[in-house]
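Okay, structure first, notes after.
The values are calculated or read from the model by the stated rules, or taken from the named source; none is laboratory data. Bear in mind the structure is a predicted one, so any value in this text is a computation, not a measurement. Cβ atoms come from the backbone with ideal geometry, glycine included; neighbour counts cover every protein chain shown. In case anyone asks, the SASA skips ligands and DNA or RNA and just uses the protein heavy atoms, side chains included. Shrake-Rupley method; radii C 1.70, N 1.55, O 1.52, S 1.80 Å.
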Amino acid sequence: MLKGIKLKIYPNARQKQQLAWMFGNDRFVWNEMLNLINQRYKNNPSLKVLSAYDMNYLLKPLKQEYDFLKESDSSSLQVVTNNLYQAWLMFFKKKHGRPKFHSRKAYKQSYTGKSATIKVANARYMKIPKLGIVKTSKTNLLNDCKIKRYTVEHSPNGNYYLSLQVEFENQKLNKTGKVVGIDLGVHDLAITSDGVKYSKLQFKNLDKKARLWQRKYNKRLHNVKNIVATHNHDKSRLYDIEVEDFTNWQKARKNKAKLQAKITNKRNDELHKITTKLVKQYDVIVIENLKSKNMMKNHNLANVVSSNAWYTFKSMLEYKCNWYGKQLVIVDPKNTSRICSDCGKKNHEFDGLTQAQWLSTRNWTCPYCHKNHDRDINASLNILNRGLKQLNIQ
Ligand SMILES: [Zn+2]
């Protein structure tokens, strides 16, 4: 099954220059081939029009003659010859006018390629043939698929876009008839109403290294700023210096960024495994609305990391349910941890607790029906019940 995905991309100055060449090369190849076909027809009207295959064969000598064609993704030139051949077929079927030359001014700035080497390089970075690594958005959409075709476009609004035609395998998963509620926890990443706990994703060694380089970076940058300020303040100086003249803090920044990217990749791999498993296992998945979930007041690092993981977890569930024919239901999280999932009453014993006391309450007994609850499993059961109510199943 094929789907179209459009991403915004952010090429750097060199890549923009390269793209301008590539757009121009597509137009050049179209015009050269069209000219050749027209000439052949003039010389001998009984000759058959060149097929895409014939034209692809001619691309080789053309590239030798015009060196700049080597700047292009070669699969894009084959897309051009194929398009030109299709245009002739349409003309012969009288469905379309005779193929025309593409003018520099009127023709759109884009090219389409088919090379299999295009891929996700890193979260939010694509590796595009001939261009290298290009910054983009939302690469997580591309995890379980194969890219068949891609078009890079410089839109008249000034933005650059990458449109992908991608193929997904196993589109619809089998129905299992099962439903689940999931609580996103503080102690664990996620807890299901079936009592399964997915522990928090931790990469202790990498985290330690990343924090170390973060500290080195802060310290080195701070020192360099002091040196620069002192130097540039000195009236006897011969010239000004800049922070960019020093490389050791830049090295620390690179190391820090590399380690952080590694952690993100590892974390996303784990989240992919968990969300794929859940979507396979259940037909309906109910989770809380993260926007109104009471995020911890103290914004320490651990909490930021876990809320980032929650958002990624939710977005993966969203698109996987969509792709695989399952349903994701989002419910209001209010009091899901404080209501007894058995009798439905709110436990007011928690009302006066501090945040820390409340978070450390792992088990409790309902004062009304005396049922003993694991805090998180109880919450996920409440989430499930709310979801089913919303769907009018219960
Ligand atoms: Zn109860």
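Please go through the stretch 258-291 and write out the trypsin sites (Lys or Arg not before Pro) that DSSP classes as loop and that have at most 13 other C-beta atoms within 10 Å. The qualifying sites are K291. Can you spot the aspartates and glutamates whose alpha carbon is less than 19 Å from K334's alpha carbon? Ignore those fewer than 8 places along the same chain. In chain and number order, the partners are D183, E288, D342, E349, D351, D374, D376. With everything on Cα atoms, drop me the angle between helix 248-281 and the longest principal axis of the chain, reported from 0 to 90° to the nearest 10. The answer is roughly 70 degrees. For the stretch 2-168, pairs of C-alpha atoms spaced more than 22 angstrom apart make up 47 percent of the total.
With both residues required to sit in the chain, DSSP beta bridges show an antiparallel share near 80%.
Taking Cα atoms, how many degrees apart are the long axis of helix 375-390 and the longest axis of the chain, rounded to 10 and kept between 0 and 90? That helix lies at roughly 60 degrees to the long axis. Exposed loop sites here are GluC sites (Glu not before Pro) assigned a DSSP state other than H, G, I, E or B and surrounded by at most 16 other beta carbons within 10 Å; excluding them, the longest clear run of the chain is 1-168. When +1 charges are put on Lys and Arg Cβ atoms and -1 charges on Asp and Glu Cβ atoms, the dipole computed for the stretch 152-263 relative to its Cα centre reaches about 780 debye.
Using heavy atoms of the protein chains and a probe of 1.4 Å, the accessible area assigned to W249 is about 20 Å². Would you report the distance distribution of C-alpha pairs in the chain as whole percents per 20 angstrom bin, up to the bin with the largest distance? Bins of 20 Å from zero give 20, 38, 29, 12, 1 percent of pairs.
Rolling a 1.4 Å probe over the protein heavy atoms leaves D194 with an accessible area of roughly 90 Å². Taking every alpha-carbon pair under 8 Å whose residues sit at least 6 apart, the stretch 91-217 reaches a relative contact order of 13 percent. Placing +1 on the Cβ of every Lys and Arg and -1 on the Cβ of every Asp and Glu, with no other charges, gives the stretch 1-89 a dipole of roughly 300 debye about its Cα centre.
For the cross-link pairs K16/K200; K127/K314; K3/K95; K148/K204, the ones whose C-alpha atoms lie over 31 Å apart are K16/K200; K148/K204. If you add up the charges near P156, with Lys and Arg at +1 and Asp and Glu at -1, over every other residue whose beta carbon is less than 14 angstrom from its beta carbon, what do you get? Neighbourhood net charge equals +1. Helix 204-233 sits at what angle to the longest principal axis of the chain, using alpha carbons and giving 0 to 90 degrees rounded to 10? With rounding to tens, the tilt is 70 degrees. A simple charge model with +1 on the Cβ of Lys and Arg, -1 on the Cβ of Asp and Glu and nothing else charged puts the dipole of the stretch 2-168 at about 440 debye relative to its Cα centre. Diagonalising the gyration tensor over the Cα atoms of the stretch 8-94 and scaling each eigenvalue by 5 before taking the square root yields semi-axes of 28, 15, 10 Å, largest first.
A cysteine counts as unpartnered when no other cysteine's C-beta lies under 4.7 Å of its own; in the chain this applies to C145, C321. Of the chymotrypsin sites (Phe, Trp or Tyr not before Pro) found in the stretch 202-239, those in coil by DSSP whose Cβ has at most 12 other Cβ atoms within 10 Å are Y239. The candidates Y160, Y368, Y85, arranged from most to least accessible area with a 1.4 Å probe in the full protein assembly, appear as Y368, Y85, Y160.
Springs join every pair of Cα atoms under 10 Å in this Gaussian network model of the chain, and among G113, G325, G158 the largest mean-square fluctuation is at G158.
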